[in-house]
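Below you'll find the structure, written out as structure tokens, and then a few comments.
The values are calculated or read from the model by the stated rules, or taken from the named source; none is laboratory data. The structure presented is a predicted model; accordingly, all values stated were derived computationally and were not measured. Each accessible area value is taken on the protein alone, full model and side chains, heavy atoms only, with ligands, DNA and RNA left out. Shrake-Rupley method; radii C 1.70, N 1.55, O 1.52, S 1.80 Å.
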Amino acid sequence: MTASPPEDPPLRALPNLGPASERMLHAAGICTPAALRALGAVPAFVAVRQAGQQPSLNLLWALEGALSGRDWKAVALHERTALLMQLDDLSTRNVPGVYK
């Protein structure tokens, strides 16, 4: 008998993510921390928008913080420009759901 792999914890178990963030991510088909890690913060944020959700940029900071183990406020302070440039880069490629 082989042991089954351990279950991935819920998204809300990650730092900065609560029930509302988890609901938005689930609406975008992102249901596990592994799925979030595979996408990355900016593409996951775009997927949430494409799913018809209306996240504020605080979700972007929270996603990056969840993936890097930092508080979302520190991410907003130190990574804001880089993340917004990545988001803008996706918008110049005319990716649906990305605000211009």
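Taken along its principal axes, the alpha carbon cloud of the stretch 21-61 reaches lengths of 23, 18, 14 Å, longest axis first. Within the listed set GLU79, GLU22, GLU64, the Gaussian network model of the chain (springs between alpha-carbon atoms below 10 Å) gives the highest mean-square fluctuation for GLU79. When Rg and the Kirkwood radius Rh are both evaluated on Cα atoms of the chain, their ratio Rg/Rh stands at 1.01. Taking every protein chain into account, the 1.4 Å probe leaves ARG37 with about 140 Å² of accessible area, to the nearest ten.
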